[in-house]
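Here's the structure, in C-alpha cells; my notes come after.
The values are calculated or read from the model by the stated rules, or taken from the named source; none is laboratory data. Just so it is clear, the structure is predicted and the values come from calculations on it, not from any experiment. Cβ placement follows ideal geometry from the backbone for every residue including glycine, while neighbour counts extend to all protein chains displayed. For the accessible areas, the whole protein counts, side chains as well, though only heavy atoms, and no ligand, DNA or RNA atoms are used. Shrake-Rupley method; radii C 1.70, N 1.55, O 1.52, S 1.80 Å.
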There are 6 protein chains.
Amino acid sequence: MHILLINPNSTASMTSLAHESALRVVQPTTRVSAVNPQETPVSIEGAADEALSVPGMLAEIRKGERDGVDAYVIACFDDPGLHAAREIARGPVIGICQAGIQVAMTVSRRFSVVTTLPRSIPIIEELVSAYGAERHCRNVRAIDLPVLGLEEDPERSERLLVAEIAKAKKEDRAEAIVLGCAGMSALCERLTLATGILVIDGVTAAVKFAEALVGAGYATSKVGGYDFPTVKSPVAIHKDMVRGSA
Amino acid sequence: MHILLINPNSTASMTSLAHESALRVVQPTTRVSAVNPQETPVSIEGAADEALSVPGMLAEIRKGERDGVDAYVIACFDDPGLHAAREIARGPVIGICQAGIQVAMTVSRRFSVVTTLPRSIPIIEELVSAYGAERHCRNVRAIDLPVLGLEEDPERSERLLVAEIAKAKKEDRAEAIVLGCAGMSALCERLTLATGILVIDGVTAAVKFAEALVGAGYATSKVGGYDFPTVKSPVAIHKDMVRGSA
Amino acid sequence: MHILLINPNSTASMTSLAHESALRVVQPTTRVSAVNPQETPVSIEGAADEALSVPGMLAEIRKGERDGVDAYVIACFDDPGLHAAREIARGPVIGICQAGIQVAMTVSRRFSVVTTLPRSIPIIEELVSAYGAERHCRNVRAIDLPVLGLEEDPERSERLLVAEIAKAKKEDRAEAIVLGCAGMSALCERLTLATGILVIDGVTAAVKFAEALVGAGYATSKVGGYDFPTVKSPVAIHKDMVRGSA
Amino acid sequence: MHILLINPNSTASMTSLAHESALRVVQPTTRVSAVNPQETPVSIEGAADEALSVPGMLAEIRKGERDGVDAYVIACFDDPGLHAAREIARGPVIGICQAGIQVAMTVSRRFSVVTTLPRSIPIIEELVSAYGAERHCRNVRAIDLPVLGLEEDPERSERLLVAEIAKAKKEDRAEAIVLGCAGMSALCERLTLATGILVIDGVTAAVKFAEALVGAGYATSKVGGYDFPTVKSPVAIHKDMVRGSA
Amino acid sequence: MHILLINPNSTASMTSLAHESALRVVQPTTRVSAVNPQETPVSIEGAADEALSVPGMLAEIRKGERDGVDAYVIACFDDPGLHAAREIARGPVIGICQAGIQVAMTVSRRFSVVTTLPRSIPIIEELVSAYGAERHCRNVRAIDLPVLGLEEDPERSERLLVAEIAKAKKEDRAEAIVLGCAGMSALCERLTLATGILVIDGVTAAVKFAEALVGAGYATSKVGGYDFPTVKSPVAIHKDMVRGSA
Amino acid sequence: MHILLINPNSTASMTSLAHESALRVVQPTTRVSAVNPQETPVSIEGAADEALSVPGMLAEIRKGERDGVDAYVIACFDDPGLHAAREIARGPVIGICQAGIQVAMTVSRRFSVVTTLPRSIPIIEELVSAYGAERHCRNVRAIDLPVLGLEEDPERSERLLVAEIAKAKKEDRAEAIVLGCAGMSALCERLTLATGILVIDGVTAAVKFAEALVGAGYATSKVGGYDFPTVKSPVAIHKDMVRGSA
C-alpha cells in the first residue's frame, strides 16, 4: 500500500523528520512517501498560515490521486484542510490531531495536549471539540516556542516539553499527553521516558490508522459531505487545475 | 466609514447582488465597496471550494488594510477563512453565517437554515455549533439546487425556497429562517411576505453588524488567537507578500 | 429611529450613566431615551432582585409600544425578563449581556466576563450557556463589590477591575473582556487603556445592535415563542394593565 | 412538616386541583397548604405571564418564611421564579418541571414531555437543558390547547393527551411521559392506564421530593448563588417589603 | 414499604454503616434492610472492582423481587450496575451518586464532589455528565485515601475531608458538597458543621428518594430501555438463575 | 503480535463468525485467537446481560495477560466492561463500538448506527455520547430482531438491514453506516453493495486499530483511570483470582 504523508508547510527538514517517524512504524509492505508544497508558509502558526498552506496541500493530493495513493496523512497538528482533502481523495485522509486524539481516547481516560505557541490553543480546542474529546481533554498547553524553534534549539525544546508535560500530569491529572506539533514527533519516546507518562505522537498514530483503514478496506465515503468537489463550468475546472498543479 | 464586502467566489454577478443588498441598508455616511478574487471557484460548494477561495480573499483583506478599510464582510454562508481574515485585519471581520445566526438568536427562540446543496448541511451544522446555536437551530435544510442555479432560474429557486421554508415553519416549528447562501439575499423580503415568517439575510445582517462594531469602536482583539500572523524569515514574508498580492 | 434604554433598577444615576454611554455612540438620526421603573430594587444582585424588577420594566415596554419605540435595550447584565420583553415588543429587544457576548465572539476567540458580586457568577454562567458561548467564555470573575459600590468609590472600583482584568488576561488567556455590569459602562475605555486588552461594554454593544437590527428591518418574530402574550379573560387583561401601568 | 404549594397563577380552581394531587400522596404527618397570589395572570402561557406571576409568588414565600414553612412547591411547569424563590427560602424549593424530570431520569432512560401550547415548547426545552436532561428528553410536545382549556373541556383534553402520548411512545420511543402542566395533574393515572406508558405528574413528584429533602435534613444552601437577597438601603428594604407583602 | 439497600462490596461493616444512615432518616412505616454480596471485592476502586461487584448485586435484587421489595438503593458512589438493576427490578432503583447530585442541583447552583481515590475522578465525571450536571458540578476532588482507609483511621479521614471541602468552597466556589463514597456517610453532619457548607450524603438522599418514588406510586418503566431482561433459550435462563442465586 | 478477540456472550458460533472477520483483514504476521466465556448469557441484549458477561470476559483478559497477549478486542457492540478491561490489560483494549465510530468519524461527516433490538438504542446513544460523536451520529436505528435471530434467519436479517440502511441514507442523510452488532459482521460488504453506502463493521475496525496501536508502540496508560486494579487484603485478592479464573 502507498501512503502519502504531506507536510503542509514548506520546511523540508520538518517533512523529513515526519517521514522518519512514519518509516519507523509502518509495515514492511507499506510504502510511505513524504512531500511538502513549495509555496506555503515555512511553519503553520495560526489560521492564516493554515489557509495559505491548504491549496498547495490539496494539489499534492490531486497528484497523489493520479499516482494511485491509497491513503494520506496531513502532518500538521491543526489538521488544515482536512475536510477539503477528504472531498478530493478516494482513500482515507488522516489528520494527526484527530488520530492523536483517537489514540488518547483509547488508551487513557483523560489527556492533555502540549503545543508550541499559545495562539494555537483556541484552534486546537476547537479541534478537540470537533473530534468529540471535550470531556476527555483536560487542557491544551503551550510551551511558548515557535514551531521552527523546535529544530533550532532541540535541548531547550525538550527541557520545556518535559516541564510542561510534568505540569499536565500533576495539575491536569492528565493520564496521557498528545504532542501538539508534527515537529515534536522525534522527541516522543524520550519524553515518555523522561516524564513517566504515555506521550502520543500524532504522525505515528495517523500513519498506523491510515494503514489500518486501508487494510480494513475502508475508503472515504462519497455519499454526502465528502463527495468529490462539484465540477462546474470548464473555466472553473481549468482554473482549478491550474491552481491544483501550481 | 469604509466597509469592504468580499465575495470569495469569482462570480461577479453574485458580488453585485450582495453589494446591492448592502447598499440597501447602510447609513448614508457608510461607504461599501464589494470585490471578489479572480482566481477562485465560480461558486463555493463544499470544503475544497472554500479552501481554494480563501487565499484570494485574504489578499483582498491585505489590500483593504493598505486602503484603510474599517470592517470586512465575507459574503459566503460557509464563512470561509473567517478566523484567518480576523488575524490579518485590524477592524472587525463579519461572516454572514455568524451574523445571520446572531440575528436569529436575538429575534426568535428557534430558527432553521435553508441552503442550496445537501452537501453543505454538515458544514453549516458545524458552524451552528461553533457559534453556539445548537439549541436554537432546529434544522439545516437544503433545496438541492446548485448555487449558480439561483441565478439561472430565479422563479424555480423562489418556488423551492417558499416550499422549504413552509416545511421548516411547520415541521421544525421554526420561528425564523436564516437564508443559507449569499445568492439568496435579494429574495429575502419576498420570502418573508410569501411565507409569513421572518426570513433573515446574512449579508444584510453582517453589513449592519460591521457598521455597529465600527460605530461602537470595537476592533479585532490582537491579544491571542486573532493576533497578526507571525512574521517569519524574510523568505517567508516575501512568499507571503507575493501570494498576498497575487 | 427611537431606541428606549431601560435600566430595570430604580437608581436614576445608573440610568443616566447608561444613557450617556448610549448617546456617545448612536447615529445623529437615532433618538435614545432612557428610563427606569420607580418601584424596583435599587440594584440587581441575584435572581430575586431580577424578578422584582421585571414587571416594572415590562410596563415601560408597554408604554414604549404605545409611543412607537423601534427597539429596546435592557441595561442590566443579567438580562432580566429578556424573553418576556420580546413577547411584548414588536421591535427587537437587546440584552446587554447577550450583545456583549456576541461582540466578544466576533472580535476574539476567547473572552472572560468581570462582574461585581460572586453571587452573580452562576447567573451569568447560565446566560453564557444560553447564548452558546460556553466554549468561548474562559471564565466569569467577580471583584466582590456591590453594584452601588461602583458609584460610591470609583477609584477603588477601577483599581479592582484593572487587577481582575489583568488576571483574566494572564490566568484565563482571555483575549477580550466583557464588563459584567451596566454600572461599569463609563470605565470601558479607561480599562482598555490600562490593561492592554479589548474591554467590551454591553450597553454600547446593545445600543449599536439595536440600531443595526432596526436598520436592517428585522423585528421580533411573532411566530412561536416570542408571540404576543395570550389575551385572556377581560379580568386578566385588566389586572395586567393595572400592573402594567403600576 | 409543613409544605406550602404555590400556584403562581390566580386561578383558584387550579390551585385546589394541585392541592388535591398533593394531599393524595403526602405522609399523614405532613401538612400541605396551597395558595395562589391574587394579582397574577389567570394562567401562565409564555415568559411574560411568568414574569408577572413571580413577585406575587415570592410574596407568598416571604409569608411562608414567617409562618415557618419547611419546603415549597411551585406548581407551574415553567418553574417560574425558581431561583429567586430559593434565594428567599430557608428550606428547599421544588419546581414541578425539575422534579418531574428527575423522576423521569430515574425510572426511564428516555422520556418526552407533553404540554398545552406550542409557545411553551422552547421554554420547556431550555429547562430540560438547564436540568441536564437534553440526552434523556426525546421531545417536548404540545396538544395545542390553552391551559384553561384543560378545565373547560376535560374530555377533549384527555382525548388530545392520550393521542399525543401515544405518538410520543411510538415516534419518540419515549419510555415515560412527563405532563407539562400542573393542570393535567388529576389525569395522570388515567393517562397511564389509557396509554400503557408511565405518565409522571410534576406536582406529585415535587411534593414527595419536598418531603424527602426535609426528611433528609437538607435545606437550601445559603453559600453563594442562593444566599438571601442582599439587604440594601432602608428605602430599598422598605420598597421590598411593600412589594413583598403586596 | 420495604427498601432494600445493597452495598455492592463485601465489607459488612460498610453495609452496617450505610444501613444506620438509612435508618436515621426513614419514616417509621418504612422497613429498610441492608445486604452485601459475599463474593465481591472488599471495596470498589475503579471499573474492574465495579464489574466484579455487579452480578452479586443483581442476584440480591432478584432475591428482593421474590421478597416483594418496593425499592432499591445501591450504596456505592460509582452507581455500579444501576441500569442493569433497573432492568431487573419492578420498583425504582436509586443510585447514591445520582440521588446526591439531584439533591445538589436542587439546593445549590454549583457543587463539588469529594471522593476517596484520584482514580475514581474520571468515573465520577462521567456520571456527572450522564446525570446532566456538567454545568452544575464545579469539580470532582479526591482526598487520596483508599475506601477502607476511611474506617481504619476516621480522625485522619475527617481531617482530609475538612481540608478538601474547604478548598472546594474557596477554589471552586462550590455552594454544596456531595460526598463521593458511601463510607463517608456517617461524617456528613460533622463535616457540614466543621466547614460551614452544606454537605450531602448520597445514601441519605437515595433512601429518601426511594421512599418518595414509592410514595408517589412511580415504578421503573418497563417500556424500552429498562424492560426486563429478554428470556432466551432454557439453557440461558437456567445459567441465569444459577448465577442469579449464586 | 498476538491479538485476543473476546466475544463476551457464550454463543460459540458468533465467536467463530467474528474470528473469521478478523482473520480476513489482519496482517500475515498477526496472530488472532478468539474466545468466549462459558457462563455468560447466550446474547447481550441490555445492561443486565452486559453485566453478567463482564466478569467472564475479564477472566479471559487475565488469562491473556499471562499468555502475553498484545492487544484485546471486545466483540460486542455495547462495549461491555471496556473500562474494566483496560484496567486489567497492559496492551490496548479496543471496543468494536468505539472503533466503528472512530472509523465513521474519519471517513464520513455524518453516520447512523443500525442495531438489532430497540432496547439497545439508549445504550448505544450513551456510547455515542461517551465517544464524542453526538454531532456526527445522525441516528441509532434498530431492525427489531433479537441478536440470535441474525443467525437463525440470515435472509430476513439481510432484508431488514438493507431496508433500514436505505432509510438511514434517505431520512437521516447518513453518509456511512456503523453496524450495531458483532453478529452482523459477515454481512458488511454485501450491505455496502446492496445499499450504495459505506457500511462499517466494528469487529474489522477494532482488529485493525489493535494492530495499529501495537505497531505504533502505544499501550494502555497506567497513570490514573486505567491503572491496574488496587490489590487489597489477601482475602480480596484470593476471591478475585477465584472469580478471575472461574
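Going residue by residue through the stretch C:141-163, is there one that turns out to be basic (Lys, Arg), within 8 Å of chain B (Cβ to nearest Cβ) and open to solvent by 10 Å² or more (accessible area, probe 1.4 Å)? Taking every residue of the stretch C:141-163 in turn, none turns out to be basic (Lys, Arg), within 8 Å of chain B (Cβ to nearest Cβ) and open to solvent by 10 Å² or more (accessible area, probe 1.4 Å). In the stretch E:115-126, the residues that are within 11 Å of chain A (Cβ to nearest Cβ) form Cβ pairs under 6 Å with partners that are charged (D, E, K, R) and crowded, with 21+ Cβ neighbours inside 10 Å, at six or more places apart or across chains, as follows: E:122/A:109; E:122/A:110; E:123/E:78.
Of E:207, E:214, all but one fail to be open to solvent by less than 10 Å² (accessible area, probe 1.4 Å) and either in contact (Cβ under 8 Å) with a residue 24 or more places away in the chain or not in a loop (DSSP other than H, G, I, E, B) (or both); the exception is E:207. Any idea which residue in the stretch C:189-204 is surrounded by the most Cβ atoms within 10 Å (Cβ to Cβ), counting only those that are more than 17 Å from residue C:94 (Cα to Cα) and at the interface with another protein chain (Cβ under 9 Å from one of its Cβ atoms)? Across the stretch C:189-204, the extreme among qualifying residues is C:198.
Residues that are of a type in the set (Lys, Arg) and out of contact with any Lys or Arg (no Cβ under 9 Å at 6 or more places or on another chain): does the stretch C:168-188 have at least one? Yes: the stretch C:168-188 contains one or more residues that are of a type in the set (Lys, Arg) and out of contact with any Lys or Arg (no Cβ under 9 Å at 6 or more places or on another chain). Screening residue E:87 against (1) buried (at least 24 other Cβ atoms within 10 Å of the Cβ); (2) at pLDDT below 95 leaves a single unmet condition, (2).
Among the residues of the stretch F:187-204, write down those that are closer than 22 Å to residue F:74 by Cα, free of Cβ contacts under 8 Å to residues at least 60 places away in the same chain and not in a helix (DSSP H, G or I). Passing the criteria: only F:199. Going by the structure shown, is residue C:15 surrounded by fewer than 22 Cβ atoms within 10 Å (Cβ to Cβ) and part of a helix (DSSP H, G or I)? Yes.
Taken over the stretch B:92-139, residues that are out of contact with any His (no Cβ under 9 Å at 6 or more places or on another chain), open to solvent by less than 10 Å² (accessible area, probe 1.4 Å) and part of a loop (DSSP other than H, G, I, E, B) amount to 3.
May I ask you to list the residues in the stretch C:124-141 that are touching a strand residue (DSSP E or B) at 6+ places or on another chain (Cβ under 7 Å) and under 15 Å from residue C:78 (Cβ atoms)? Hits for the stretch C:124-141 are C:124, C:125, C:128, C:140. In the condition set (1) hydrophobic (A, V, I, L, M, F, W, C); (2) in a loop (DSSP other than H, G, I, E, B); (3) surrounded by fewer than 20 Cβ atoms within 10 Å (Cβ to Cβ), residue D:23 is compliant with all but (2). Residue count for the stretch F:219-242 under the criterion of being over 23 Å from the mean Cα position of the chain (by Cα), more than 13 Å from chain A (Cβ to nearest Cβ) and either at pLDDT 50 or above or open to solvent by less than 60 Å² (accessible area, probe 1.4 Å) (or both): the result is 7.
Do we find a residue being surrounded by fewer than 24 Cβ atoms within 10 Å (Cβ to Cβ), assigned to a loop (DSSP other than H, G, I, E, B), out of contact with any Gly (no Cβ under 8 Å at 6 or more places or on another chain) and more than 10 Å from every other protein chain (Cβ to nearest Cβ) anywhere in the stretch C:63-75? Yes, there is a match, as at least one residue in the stretch C:63-75 is surrounded by fewer than 24 Cβ atoms within 10 Å (Cβ to Cβ), assigned to a loop (DSSP other than H, G, I, E, B), out of contact with any Gly (no Cβ under 8 Å at 6 or more places or on another chain) and more than 10 Å from every other protein chain (Cβ to nearest Cβ). For the stretch A:166-186, filtered to residues that are part of a helix (DSSP H, G or I) and open to solvent by less than 30 Å² (accessible area, probe 1.4 Å), the residue that is farthest from residue A:8 (Cα to Cα) is A:168. Please work out which residue is surrounded by the most Cβ atoms within 10 Å (Cβ to Cβ), limiting yourself to the stretch F:32-49 and to residues that are within 14 Å of chain E (Cβ to nearest Cβ), closer than 22 Å to residue F:200 by Cβ and of a type outside the set (S, T, N, Q). Applying the filter and picking the extreme gives F:44.
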